[in-house]
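Nothing in this text is a laboratory measurement; each read-out follows from the coordinates by a stated rule. Predicted model, so just to flag it, every value in this text is computed and none were measured. Here the Cβ positions follow ideal geometry from the backbone for every residue, glycine too, while neighbour counts run over all protein chains shown.
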Amino acid sequence: MIIRCLYAFSKKNTIFKHLEVGKKQPMNTSLKEIKKLFQTTNQETKDNIIETYEPSQLIKQIDTSFDKFFLRRKYDTASFNFLIESLTAQGKNQIEEVLNMMERTGVKLNVQTYLMLIKSCGKFKNVQRGEKYFQTALEKYGDSVYLRNSLIDMYAKTYNANKAMQVFREMKDKGLKPNVFIYTSLINAFYRIKDYQKCQELFFDARAGDISDSPDANLCGLMIEICASTNDAEKAMAFYNMMSDMEFANSTKVFNALIKALGSRADYAERGIEKFRLMLMRSIPIDSDTVVHTLKACSTIGDVKTAFDVIRLMKENKIPENRYIYNQIIRVYAGACNLPMLDQKIMDNYVKGCMDDIK
C-alpha cells in the first residue's frame, strides 16, 4: 500500500518516476508529503522504503545499532553494504566493527562494499586506508569509472586535489571515459582548495564533450555555488540560464546555490529573493540551506518583511534551527538598522515575530 501511495504522489512532484526496484530516476520531491506518509508507517516498512529508494534525507534515520539493524535483515553482503553507507551518512566511524562482523558471519565483500569503504575513508579522512581498499578492489575486480570516482571523491574530501587530478589522468590514459560523477568529484576537489579557475576549466572541458553523459543538478549547482564563493553573481546567472531548459533546473540544490550567489551582493540580493519566491511558486521544496541563503539576501538589503516570511515558512516546514540560521536572523536586524527612515514598529514586530516563531 505504501508503494501505491508513493506512486500516487509521483504524479505531482514526488520521489521517483518509476517505483520498480532498480529504476532510480529522481524527480522533484514533495518532501512534506513524503515525510508525512513516512511518519505514519511502521519501522519495517520505513526500512524497506529507504533500502529500495535510498533518499538522502531519510537514510540518516536508520537505526544502525547492530542488533536492531539485523533484526529484520539477512546477514548478507547487501545488508552490510547498506549498513556501511548508513553509518557513514550518520558520521559513525564503525567500519572496523562492521568488517569484523562480516568475517565472523562468513559474509564476503564485493565491489560495492569497497566503494562504500572508500567513501567512508573520505568522510573520516583516512586516506591511506582508502588507498589500500582501492588497490584491493582494483586487483579483485579490475578498473572501472565507479571505482575511480570513489577514489577521486575521497581525495576531494581530504583536500588532495592534485592526487585527484592524477587519478583522473590515469583513468583517461587507460581509456575510461569520465562521467558526470567523475567531473563533479574532481571539480569539488579544486573547489575545496579554492582553485576556482581550474573548476571552470574542468566544467567547460566536460561541456565540450569530454564526458559520457550530461551535466546534472549536482554539477551545475556546484558551479553556481563556486560563483557564490567568488561573489560572481553575473556568472552564476549565466550558469543558471545555461541549464534553464534542463529538467533538474527546478531542483532545491540548484536554487539554493543561485540564491547564495545572488544574495551575497547588494546589487543582486533582490534577485536572490525573487528566486526564493519563484521556488515557492513552483512548489520546489525548501530546506535549511534555502533559509540561510535567503536570510543572507534579506540581510544584505535589510528586507525584514521577507525575512519574517522565511522564518514562518521554516517553522511550517519543520526545518530545525541551527547556528547559521540564527546568525542570519541577527544580520537581517543589523542590515535593517542601517536603513534610513526605517519605521521602528517594523523592527519591533520582526524581533517579536522571530522570537515567537523560533521558540
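Some observations on this one:
- Toward the positive end of the charge dipole of segment 79-160, with +1 on the Cβ of Lys and Arg and -1 on the Cβ of Asp and Glu, the farthest Cα among Val98, Ser120, Tyr141 is that of Ser120.
- Cleavage-rule hits (trypsin sites (Lys or Arg not before Pro)) in segment 94-149: DSSP loop, at most 15 neighbouring Cβ within 10 angstrom: Lys108, Lys125
- Considering only Ala206, Ser283, Ala156, and ranking their Cα positions along the charge dipole of segment 153-306 that arises from unit charges at the beta-carbon of Lys, Arg, Asp and Glu, the one farthest toward the positive end is Ala156.
- Local electrostatic count at Val332 - Lys and Arg +1, Asp and Glu -1, tallied over other residues with Cβ under 12 Å: +1
- Net charge of the neighbourhood of Cys298, taken over other residues with C-beta under 11 Å away and scored Lys/Arg +1, Asp/Glu -1, is 0.
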